[in-house]
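Visitor: Take a look at the following structure, please.
Computed from the coordinates by the stated procedures, all read-outs in this text should not be read as laboratory data. Owing to the predicted nature of the structure, the values given are computational and were not obtained by experimental measurement. Cβ atoms come from the backbone with ideal geometry, glycine included; neighbour counts cover every protein chain shown.
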Amino acid sequence: MQVPNEVKEVLLTLAKEKRIYLEGNIIKVLKADAGDKDFEKYLKTCKEKDTTARRKRLEVTKQVQEQNKQLEISARKNDKLMSDLKVALEETERRKEEAEQAKSEAEKLRDNAISDLETLQKKTQFELVGRIVKIALIVIMGVGVITTALFAYTLITGQENPILESTWSNLFGILLTNSFSIVGTIMGVKYATEKD
């Protein structure tokens, strides 16, 4: 395709003054007139610059594509790491909940064991107090019966024994006082050992 002279002059002026050249497929269809060395040189320069520009654009495109591939790989790795991190956090949370449940169950078992131990201690104390009270009552009643039997014997036989009479009355006073004292002491110890 032939180019009019005015267009040639404009193109050559742009090339000289501003270093602007034609690019693209249009260069392939333009032809210089026979003997027009300036325009022929211009078209040759345009083809070289176009080829260089295409090569550079191709390299840039390849670099961008390679960087995009690297970014995609990095994004996949990042997604996998985030997924693994999420799983690890969920696992940690689950284990924490399990540990809290185990701790709660252990505390319940400990509280039950303490309660059972306190109940056993109270039962043992109650049984011990009951035995002490029974033995104290048996001793008190035994002494009272023996002293009463001796006093009755002296009355039946007609022997007056002032010592036995005073002993009998003193002994009953002492036994009565001591029995209340023993029972009061036992009850006080029982209630003093309770937590409430």
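Visitor: Given the DSSP H assignment, sum -39500 (n - 2.57) over each helix run of at least 4 residues in the chain and divide by its residue total; what's the result at 222 nm in deg cm²/dmol, nearest 500?
Guide: Mean residue ellipticity at 222 nm (helix-derived): -32500 deg cm²/dmol.
Visitor: Related question: Among the listed pairs Lys8/Lys37; Lys31/Lys56; Lys8/Lys56; Lys8/Lys47; Lys16/Lys56, give every one whose C-alpha distance is greater than 20 Å.
Guide: Pairs exceeding 20 Å: Lys31/Lys56; Lys8/Lys56; Lys16/Lys56.
Visitor: For each of Lys80, Lys8, count neighbouring Cβ atoms within 10 Å of the residue's Cβ, then give the residues from fewest to most.
Guide: Final ranking by Cβ density, sparse to dense: Lys80, Lys8.
Visitor: Tally Lys/Arg at +1 and Asp/Glu at -1 over every other residue whose Cβ is under 13 Å from the Cβ of Lys108; what's the total?
Guide: -3
Visitor: For the chain, what are Rg and Dmax over the alpha carbons, in angstrom?
Guide: Over the chain's Cα set, Rg and Dmax evaluate to 60.1, 182 Å.
Visitor: When the chain is treated as a GNM, springs tying every alpha-carbon pair under 10 Å, which of Lys28, Lys134, Lys62 comes out with the largest mean-square fluctuation?
Guide: Lys28
Visitor: Roughly what angle does helix 5-18 make with the longest principal axis of the chain, taking Cα atoms, 0 to 90 degrees, to the nearest 10?
Guide: Helix 5-18 sits at roughly 50 degrees to that axis.
Visitor: GNM on the chain, C-alpha springs below 10 Å: top fluctuator among Ile140, Ile182, Ile26?
Guide: Ile26
Visitor: Right, something else. If you take the alpha carbon radius of gyration of the stretch 116-193 and divide it by 2.2 N^0.38 Å, what ratio comes out, to two decimals?
Guide: Here the Cα radius of gyration is 1.55 times the empirical estimate.
Visitor: Now for a different question. Once the Cα atoms of helix 37-157 and of the chain are each reduced to a long axis, what angle between those two axes, in degrees from 0 to 90 to the nearest 10, is obtained?
Guide: Result, in degrees: 0.
Visitor: Now for a separate question. First select every other residue whose beta carbon is under 15 angstrom from the beta carbon of Arg54; then total the charges, Lys and Arg +1, Asp and Glu -1.
Guide: Neighbourhood net charge equals +3.
Visitor: Report, to the nearest 10°, how far helix 162-193 tilts away from the longest principal axis of the Cα atoms in the chain, using its own Cα long axis and a range of 0 to 90°.
Guide: The answer is roughly 10 degrees.
Visitor: From the C-alpha gyration tensor of the stretch 5-99, pull out the three semi-axes of the equivalent ellipsoid (sqrt of 5λ each), sorted largest to smallest, in whole Å.
Guide: 63, 11, 8
Visitor: Going through the cross-link list Lys69/Lys96; Lys86/Lys108; Lys28/Lys62, which pairs have a Cα-Cα distance over 31 Å in this structure?
Guide: From Lys69/Lys96; Lys86/Lys108; Lys28/Lys62, over 31 Å: Lys69/Lys96; Lys86/Lys108.
Visitor: How much net charge surrounds Glu97 when only other residues with a Cβ under 15 Å from its Cβ are counted (Lys, Arg +1; Asp, Glu -1)?
Guide: In short, -2.
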